[in-house]
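Here's the structure, in structure tokens; my notes come after.
The values are calculated or read from the model by the stated rules, or taken from the named source; none is laboratory data. These numbers come from a predicted model, not from an experiment. Backbone-built Cβ (ideal geometry, glycine too); neighbour counts: all protein chains shown.
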Amino acid sequence: MEEKKELENVETEEIATKAIDTSDTETPLDKNVRLMSPTRMLLRRFFRSKLSVTGLIMLVVLFAFCWLGPVVYQRWGETETDRTGNIEYADYAIESDDGDFIQIVITDNGINALAPPSADHFLGTDEQGMDIFTRLMYGGRLSLTISFLAVFLTSFWGIVLGGVAGFYGGAVDNIIMRICDVLICLPTLPLMLIIGTVLDANGVPSQYYIYLLMGLLSLFSWPGMARLVRGQILFLREQEYMVAAEAMGYSTPRRIFKHLIPNILPQILVSMTMSLGSMILYESTLSYLNLGVRIPFASWGTMVEVISKRSDILQNNFNVWGPPGVCIILAVLGFNFIGDGLRDALDPKQRR
């Protein structure tokens with residue numbers, strides 16, 4: 001019996017030694033394994049979506065066209081009119097010595113309006129004799145810039161007020177949420193029409209008109225972002241890391257903007273991306289109603305607005321209103337595709 005026990009002990013020691021040796025041999029293999037970072041995983045999910053890549057390509061092409069296009073295409077300016085058109089009309093007729101009447105024709109230099117596409121004008125000219133291709137680039141600059149500014153202002157007010165309401169709660173939360181309820185009940189488009197009429201009556205310069213109007217629009221559009229931020233903060237403020245931050249004596253702004261807001265940043269980015277398309281449509285609608293950018297300055301909405309005044313252009317001159325309409329559609333679709341891609345990539349339930 002004692003010999004059997006000794007043999008079993010020897011076998012047990014050999015098995016343990018082999019296990020130790022095996023683990024030592026596998027250690028170098030474990031060191032070669034690299035874990036994927038959250039940022040890399042996010043980018044991998046985002047670029048795996050074909051719609052996301054399509055939207056990104058669409059926006060890159062639009063931005064390159066609007067900002068780099070005028071550097072390459074320098075034939076015409078945004079407000080420059082082509083005055084190579086000639087207008088001939090009969091002024092009067094005189095009688096000659098032979099008894100015949102001679103008609104006197106006067107030729108005047110008019111504008112080259114509604115010209116078809118040619119080598120001088122890639123997309124032709126509009127009713128003002130301005131190059132459509134050039135105005136399309138400058139109009140895109142204005143439309144995209146205004147949309148980004150309006151979205152950033154809306155997000156700023158929504159994050160600040162929503163964060164304060166969700167963190168403090170109580171009376172502060174009730175006051176901010178009641179203000180949100182009032183602003184949500186206001187009809188935005190009729191309100192913009194009234195404000196635009198007031199600005200127009202006070203003689204606001206045309207180059208600043210649309211900036212003021214979109215800035216005022218952002219003051220009425222922040223409740224959606226505020227409600228999103230408030231709901232997320234109400235959930236996160238009771239988490240363990242927030243209790244630890246409070247126990248360590250961190251200030252309230254630091255707890256809100258350093259610990260809470262970064263944790264809801266994915267939802268904020270998705271909301272901002274989806275709002276960019278809506279702001280482009282708002283700007284186009286206001287310009288279409290003659291409450292946006294004023295001639296001679298260009299925007300995509302202003303370039304489409306001409307069809308509301310002249311039905312002949314709508315029927316016969318697609319090159320005047322078609323390109324800006326296509327650019328508006330591409331911009332809105334691009335932002336929506338990117339927003340959908342970010343939403344899927346930031347979804348923790350996605351395992352693919």
Check your understanding: Among all residue pairs at least 6 apart or on different chains, which show Cβ distances below 9 Å where the first residue, located in the stretch 281-306, is closer than 18 Å to ASP131 by Cβ and at pLDDT below 80 and the second is surrounded by fewer than 23 Cβ atoms within 10 Å (Cβ to Cβ) and of a type in the set (Val, Ile, Thr)?
Key -> ILE295/THR79
Revision key, fill the gap. Output for Cβ contacts, cut-off 7 Å, separation at least six or different chains, first residue touching a residue at least 12 places away in the same chain (Cβ under 8 Å) and surrounded by 10 or more Cβ atoms within 10 Å (Cβ to Cβ) in the stretch 175-187, second part of a helix (DSSP H, G or I) and not aliphatic (A, V, I, L, M), reads CYS180/PRO223; CYS180/ARG227; LEU183/PRO223; ILE184/PRO223
Check your understanding: Of everything in the stretch 148-162 that's buried (at least 24 other Cβ atoms within 10 Å of the Cβ) and within 12 Å of the chain's Cα centre (by Cα), which residue is nearest to TRP300 (Cα to Cα)?
Key -> ALA150
Practice item. Identify the single condition in (1) farther than 19 Å from TYR282 by Cβ; (2) touching a Cys at 6+ places or on another chain (Cβ under 8 Å) that ALA247 does not satisfy, given that it satisfies every other one. Key: (2)
Exercise for review: Kindly check whether there is at least one residue in the stretch 46-59 that is touching a residue at least 40 places away in the same chain (Cβ under 8 Å), aromatic (Phe, Trp, Tyr), over 17 Å from LEU330 (Cα atoms) and in a helix (DSSP H, G or I).
Suggested key: yes
**Study point:** Scope the stretch 201-238; condition part of a helix (DSSP H, G or I), over 30 Å from HIS259 (Cβ atoms) and either touching a helix residue (DSSP H, G or I) at 6+ places or on another chain (Cβ under 7 Å) or in contact (Cβ under 8 Å) with a residue 12 or more places away in the chain (or both); matching residues
**Key:** SER206, GLN207, TYR209, ILE210, TYR211, LEU212, LEU213, MET214, GLY215, LEU216, LEU217
